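Below: one structure, written as structure tokens.
The values are calculated or read from the model by the stated rules, or taken from the named source; none is laboratory data. Because the structure is a prediction, the values reported are computed rather than measured. Neighbour counts run over all protein chains shown; Cβ positions are idealised from the backbone, glycine included. Surface areas here come from the heavy atoms of the whole protein model, side chains and all, with no ligands, DNA or RNA. Shrake-Rupley method; radii C 1.70, N 1.55, O 1.52, S 1.80 Å.
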Amino acid sequence: MMSVLTETFTSQMKEIASKVIAGNRISPEEGLYLFKEAELSELGILANLIREKKHGDKTYFNRNFHVEPTNVCLYTCTFCSYSRLIKKRDEGWEYTHDDIMDIIKSYDGKPVTEVHIVGGVLPQYDIKFYADLFKAIKEHRPDLHIKALTPVEYHYIFKKGKVTYEEGMKLMKEAGLDSMPGGGAEIFHPEIRDQIAGGKCSGDQWLRIHEIWHELGHRSNATMLYGHIEKYEHRIDHLEQLRQLQDKTGGFQTFIPLKFRNKGNQLSHLEESNVLEDLRNYAISRIYLDNFDHIKAYWPMIGRTTAQMSLAFGVDDIDGTIDDTTKIYTMAGSEEQNPSLSTYELVNLIKTVNRKPIERDTLYKVINDFSETEFEEDKIYKGYTSLPVINN
Ligand code: V47
Ligand code: SF4
């Protein structure tokens, strides 16, 4: 199999390929080589091999909705198009406990399994606010999985509330928190983090809070915001730190690369990465993170077509049916101005590229295997049926 796959590979690429095919780990230097030198087709072959070894054609999604309590924020991350400074708070929103419960209740009777809660950082959203909110959600709908807040919020509220990370995460669990999303990771390396996300939790603090959450027996996700001012060395450093923590705890479920979008933020002068770069990044993430089960493409950010293509470059999950409840990407220039896909549409988007759509819950328990389900023609999202022209 090795020779069939690698006939045209360089000698260094052959070495890397033989490791990947044997199920062995590649080094940071080899990861860097992949970013700098490898052909997209080579990366695709290797990433798809791993993806199919782990999951066959299965492609996961879930039914979720987002709640963003506020877009007013104390911090001024230069890539963020979504937040409003306190002095401009009248341009933003600041939901109360009751406002948020109204949103939660508006999903009563709908087959969603998860609420994803994340937003800006403000003093009134403190430990008590979130603990009361999680309790109220669980009282109202005990089966709804609460995936909420990132170390950016946790670091802030625990410091303000004078509790340690350990005490704080225990409090959150007792209140009803089920898992942590992957946000706030950006780029861990201080050379970049200080320039794009100065003032919020450091890379080490982000990793430490996830570590504590994992040690308490719970799961979380991880992200990387790429395609701005970072170099490939910073991406490898980021992936390496995640891989090391995963070796220690095994608590990460999914890695989600997040493509920087440039509309309406302080980094608007930067060009966005193109589709080829996005696919390369998915593939290298899949190859490098050998101890992560899942790689997710967040379709509201990259668009449906790239999400479909990513399924051949290591991705096995395309997030959920978002139902137009997140503003993070629409405000940053995503082509998905209305990020909502019905289950029919999501299922057919996956089927169009010959993969098996599997509805999962947050912890990847299978809820529904849709691979044999046929939907009516008018409910089918067509997506691309032949390879699209890549012109940017
Ligand atoms: O941390 C903000 C990113 C993240 C921009 O865990 C931007 O299942 C690109 O983490 N261009 C929040 N990215 C979203 C997030 C997430 C999304 C989907 C699923 C999960 C999960 C987590 O969004 C932030 C930041 O890295 N972000 N602004 C921008 N202009
Ligand atoms: Fe605030 Fe998050 Fe935006 Fe940074 S990315 S400014 S922490 S909302």
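Miscellaneous remarks
Results for (1) aromatic (Phe, Trp, Tyr); (2) surrounded by fewer than 17 Cβ atoms within 10 Å (Cβ to Cβ); (3) at pLDDT below 60, shown as yes or no for each residue.
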{"residue": "Asn274", "(1), (2), (3)": "no, yes, no"}
{"residue": "Glu277", "(1), (2), (3)": "no, yes, no"}
{"residue": "Ile302", "(1), (2), (3)": "no, no, no"}
{"residue": "Phe313", "(1), (2), (3)": "yes, no, no"}
{"residue": "Ile318", "(1), (2), (3)": "no, no, no"}
{"residue": "Glu345", "(1), (2), (3)": "no, no, no"}
{"residue": "Thr373", "(1), (2), (3)": "no, yes, no"}
{"residue": "Val389", "(1), (2), (3)": "no, yes, yes"}
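- Being of a type outside the set (Gly, Ala, Ser) and free of Cβ contacts under 8 Å to residues at least 40 places away in the same chain is a property that holds for Leu245.
- Positions within region 194-210 being open to solvent by 10 Å² or more (accessible area, probe 1.4 Å) and within 15 Å of ligand 1 (Cβ to nearest atom), in sequence order: Gln195, Gly198, Gly199, Lys200, Ser202, Gln205, Leu207
- Just one of the numbered conditions (1) of a type in the set (Lys, Arg); (2) within 23 Å of Gly168 (Cβ to Cβ); (3) open to solvent by 50 Å² or more (accessible area, probe 1.4 Å); (4) out of contact with any Ser or Thr (no Cβ under 9 Å at 6 or more places or on another chain) is not true of Lys231: (2).
- Unique residue being loosely packed, with under 14 Cβ neighbours inside 10 Å and either under 29 Å from Gly183 (Cβ atoms) or in the same structural domain as Gln241 (by TED's automatic domain parsing) (or both) when the list is Ser27, Ser81: Ser27
Let's see how each residue does on (1) within 16 Å of ligand 1 (Cβ to nearest atom); (2) more than 20 Å from Ala222 (Cβ to Cβ); (3) assigned to a loop (DSSP other than H, G, I, E, B); (4) within 23 Å of the chain's Cα centre (by Cα):
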{"position": "Glu153", "(1), (2), (3), (4)": "yes, no, no, yes"}
{"position": "Glu167", "(1), (2), (3), (4)": "no, yes, no, no"}
{"position": "Lys173", "(1), (2), (3), (4)": "no, no, no, yes"}
{"position": "Gly184", "(1), (2), (3), (4)": "yes, no, yes, yes"}
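- Within the set Ser179, Ser202, the sole residue that is of a type in the set (Ser, Thr, Tyr) and under 17 Å from Leu74 (Cβ atoms) turns out to be Ser202.
- Answer residue from region 253-271, given it is more than 16 Å from ligand 2 (Cβ to nearest atom) and touching a residue at least 60 places away in the same chain (Cβ under 8 Å) and is surrounded by the fewest Cβ atoms within 10 Å (Cβ to Cβ) among those: Gln253
- Residue within region 153-161 that is surrounded by fewer than 19 Cβ atoms within 10 Å (Cβ to Cβ) and not charged (D, E, K, R) present: yes
- Answer residue from region 105-148, given it is in a helix (DSSP H, G or I) and open to solvent by 50 Å² or more (accessible area, probe 1.4 Å) and is nearest to Cys201 (Cα to Cα) among those: Lys128
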